[in-house]
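Below is one structure, written out as structure tokens; the observations come after it.
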Amino acid sequence: MFMLQKSPQSQFLPGTEPRPGCRKCPRLADYRREIACEFPDWHGAPVPTWGDPSAWLAIVGLAPGKHGAHRTGRPFTGDQSGEVLFAALDRFALSRGSFANDPEDGVKLDGTMIFNAVKCLPPQNKPIGAELNNCRPYLMRQLAALPNLRVIIALGKVAHDSLVRGFGMRLAERPFGHLAEHQLPNDKILIDSYHCSRYNMNTGRLTTEMFGAVFMRALQLNEVIT
């Protein structure tokens with residue numbers, strides 16, 4: 001069975017993750033059970049956040065991918081979106097080790113923590129509003145627990161919208177846009193990015209250069225804030 005790495009990075013905040021058998025979202029719980037019948041050796045449970053507990057940067061994605069984190073148990077691990085994200089993290093010295101798209105590759109994050117707006121795999125990769133609402137408290141509690149957090153990158157509009165709502169702001173006043181920046185409470189800054197999905201990369205909606213610009217800006221903002 002694929003399991004999350006048993007490393008200090010996998011023990012971010014004990015007690016803040018949903019239980020493996022969480023049924024707060026019946027549709028997602030039923031979908032997990034359906035997939036488990038076909039793939040019993042997969043992780044097949046809510047995927048915990050992962051990374052450096054001293055992170056200044058939080059990266060928030062949409063939800064685990066079926067053949068990615070839902071299979072492996074580590075965010076952005078097992079599919080093409082992970083290859084794109086971890087290549088960027090390596091390029092900007094936010095990770096150590098050689099990423100092999102496998103939770104046993106030993107890669108570690110430096111100054112970065114990876115989250116998802118929804119911790120369980122949604123059908124067709126499309127969570128509904130109630131599911132986002134149910135998972136948001138986990139996301140917001142864990143973000144609040146990062147003592148050095150300064151910058152958040154939202155990968156896609158769904159993550160952006162959930163974060164804006166979680167910080168108590170109006171979506172109409174904080175519209176999503178690639179490379180858009182939004183001031184958050186407590187002097188934190190949100191940067192938007194198109195999601196590094198296979199579809200966005202293959203269609204050219206997001207390029208390697210565009211994605212790199214997001215991380216370049218995050219590093220610049222961190223220097224200004226500190």
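The values are calculated or read from the model by the stated rules, or taken from the named source; none is laboratory data. Keep in mind that what you see is a predicted model, and the values were worked out from it rather than measured. Cβ sites come from the backbone with ideal geometry, for glycine too, and all protein chains shown count toward neighbours.
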Some residue of the range 102-115 being under 14 Å from the mean Cα position of the chain (by Cα), assigned to a loop (DSSP other than H, G, I, E, B) and of a type outside the set (A, V, I, L, M): no
Count - residues of the range 125-140 that are at pLDDT 95 or above, more than 13 Å from the chain's Cα centre (by Cα) and part of a helix (DSSP H, G or I): 7
Matching helices (runs of 4 or more DSSP H) fully within the range 146-226 where at least 2 residues are touching a residue at least 40 places away in the same chain (Cβ under 8 Å), in contact with a strand residue (DSSP E or B) (Cβ under 8 Å, 6 or more places away or on another chain) and within 20 Å of GLY82 (Cβ to Cβ): 208-225
Single unsatisfied condition, LEU184 versus (1) touching a His at 6+ places or on another chain (Cβ under 8 Å); (2) over 24 Å from PRO64 (Cα atoms); (3) surrounded by 19 or more Cβ atoms within 10 Å (Cβ to Cβ): (1)
Identity of the residue in the range 91-101, outside any loop (DSSP other than H, G, I, E, B) and without any contact (Cβ under 8 Å) to a residue 40 or more places away in the chain, that ends up surrounded by the most Cβ atoms within 10 Å (Cβ to Cβ): SER95
Evaluation of SER98 against (1) more than 25 Å from LEU206 (Cβ to Cβ); (2) at pLDDT 95 or above (one fails), failing number: (1)
Selection within the range 42-90 - in a loop (DSSP other than H, G, I, E, B), of a type in the set (D, E, K, R) and either surrounded by fewer than 24 Cβ atoms within 10 Å (Cβ to Cβ) or free of Cβ contacts under 8 Å to residues at least 24 places away in the same chain (or both): ASP52, LYS66, ASP79
